[in-house]
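See structure below.
Derivation of every value follows stated rules applied to the coordinates shown; laboratory data play no part. Please read these numbers as outputs of a predicted model, since none were measured by experiment. Quick reminder, even Gly has a Cβ in these numbers, built from the backbone with ideal geometry, and neighbours come from all protein chains shown.
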Amino acid sequence: DAKTTQPPSMDCAEGRAANLPCNHSTISGNEYVYWYRQIHSQGPQYIIHGLKNNETNEMASLIITEDRKSSTLILPHATLRDTAVYYCIVSRGGSQGNLIFGKGTKLSVKP
Amino acid sequence: NAGVTQTPKFRVLKTGQSMTLLCAQDMNHEYMYWYRQDPGMGLRLIHYSVGEGTTAKGEVPDGYNVSRLKKQNFLLGLESAAPSQTSVYFCASMDMGLPKNTEAFFGQGTRLTVV
């Protein structure tokens, strides 16, 4: 599975949009981009995933560049409860790949 | 619907002791995983299973064994615990791969200390 690069930490003001970048320049054509987050010491929580089109759900939006070498997770209105470590993962998924976690981005939402 | 349940939540072992961590899921998922997480690190994959009766090695399998005798359960064993195995262990499950790959569901973790 391809590797990803994320900034180690970011700050965001409460109520503002949080934009978390991820670089995956070696992604292959059948690999998906997944985002998970881990709040404090809890188990990771799925946020969103995509292949090449932009995706949106009730939690976040995922913007994938046309060349698929990078993506951005957008939390439109960050709250204090969004403070967590966010992991960007690239994988074929299913039986052809596993979720391999890097160190992620520690997002701190401040009042 | 309980999701993914890990037992126990906390454990302290002496070096050389053995133990088994239990992961149970009630979502009829085919895929199950064991990860470990050390302070300040991301999760590292220990072993995984793509169905009942199957297991495979992940990134850091040494010192661990697993079994998947029943679809809903995935057991992680430490035969002779070492201080280097002090960590938080997470179990996860995932449905079979669909045309669009689906999300993994994680348990709340087992905090293991080996002294």
Between the modelled labels at B:VAL115 and A:LYS110 (7 Å from Cα along Cα→Cβ) the distance in nm is 4.0 nm
Could you work out the pair-distance distribution P(r) of chain B from its alpha-carbon pairs, with 5 angstrom bin width and percents rounded to whole numbers? 2, 13, 23, 26, 19, 10, 4, 1, 0, 0
To the nearest whole number, what is the average tally of beta carbon atoms from other chains within 10 Å of the beta carbons of peptide B:40-46? 5
Suppose R0 equals 30 Å. What FRET efficiency, 1/(1 + (r/R0)^6) with r the Cβ-Cβ distance, do A:SER25 and B:THR102 give to the nearest 0.05? 0.70
Taking R0 as 30 Å, what FRET efficiency do you get between B:LYS9 and A:SER9 from their Cβ-Cβ distance, rounded to the nearest 0.05? 0.55
Counting lysine pairs in chain A that sit 8 or more positions apart or on different chains, with Cα atoms under 22 Å apart, gives 7
Per the beta carbon screen (other Cys under 4.7 Å), unpartnered cysteines of chain A come out as A:CYS12
Excluding residues fewer than 8 places away in the same chain, name every one of the aspartates and glutamates whose C-alpha is closer than 13 Å to that of B:LYS14. B:GLU79
Length-normalised contact order of chain A, Cα under 8 Å, at least 6 apart, in percent, tallies to 37 percent
Separation of the A:GLU58 and B:GLU59 label points, Cα + 7 Å toward Cβ, nm: 3.1 nm
Is there a simple number for the mean count of other chain Cβ atoms within 10 Å of the Cβ of residues in A:65-78, and what is it? 0
If I stretch the segment between A:HIS40 and A:LEU80 completely, what's the gain in nm (0.36 nm per residue apart, minus their alpha carbon distance), one decimal? 13.2 nm
Computed over chain B, the relative contact order (Cα-Cα under 8 Å, seq sep at least six) in percent reads 35 percent
Looking at the range A:8-111, what % of its DSSP beta bridges pair antiparallel, to the nearest 5? 85 percent
